[in-house]
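Scroll down for the structure; my scribbles are underneath it.
Every number in this text was worked out from the coordinates using simple rules, so none of it is lab data. It should be emphasised that the depicted structure is a prediction, and the values quoted were computed from it without experimental measurement. Because the Cβ atoms are built from the backbone with ideal geometry, glycine has one as well, and the counts that use them run over all protein chains shown.
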Amino acid sequence: MISGERPGDSQTGNAWPEGDGYGDDADDTPASPETTPPAPATPPVDDCRPTDPASCTVQPDPPPAIPQPTLSDVARFAPASAPLIDEPDGVGVVGMPMNFVVDATTHEVTGTLFDLPVTVRFTPTSVLFVHGDGTSRESDDGGQSWATLGLAQFSATSTSHAYSTRGTYTASAAVRYAADVNFGGGWITVPGTLEIPTTAGDVQIFEARTALVDKTCLENPSGIGC
């Protein structure tokens, strides 16, 4: 015989407490533990406390600022004076071009500037030729010899000059250089140009006189003026 009462009810008259693990009212699902989200990470603090020197992160000192070099600063690195070459070798003829040449090239030297290792570079930008007769001529370069240009003597060039009067003249030139410096981080332009004078030299200018003859120099090579 099946009764709706639970065992023991008829003897004690007490009902079994609900949720005692018996019968259909029992909850067999285990309790889920509470989930706590992790605390956010705290960034490290650069705390240079005197009481904890090991926790300090020492930052390196910034490199010293390099002053802007001037022409006066780099003048001691300048190239030596270049010679002035005149063609044909110190002697010319009135009204006929004399050729002047200066072999100016890029000059690079290393040393110390502002107590720092440095490379200084000088690049010729122009050459000023002074002829000694009150005239001058500026050229983008130092010119070339007649032989290099494949020209005959007394040919006009970009650096030649024809004297109009006989006499002795002191010719000279000056090379103008642009300067750059490099302390290891790239080239820095130095404002302005540095002018380096060349050697000077005397040129003698003569007059060429002609004479009337009855035969040409081809017909009589030993004749007057031949």
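Taking θ = phi - 60°, what integer Hz values does the Karplus form 6.51 cos²θ - 1.76 cosθ + 1.60 yield along segment 166-172, in sequence order, with x for Gly and Pro?
5, x, 10, 10, 9, 9, 8
So if we plug the beta-carbon distance of residue 91 and residue 149 into 1/(1 + (r/R0)^6) with R0 = 25 Å, what FRET efficiency do we get, rounded to 0.05?
Values: r = 20 Å, r/R0 = 0.79.
Approximately 0.80, to the nearest 0.05.
Using the basic label-point model (7 angstrom from Cα toward the beta carbon), what is the residue 188 to residue 166 distance in nanometres?
5.9 nm
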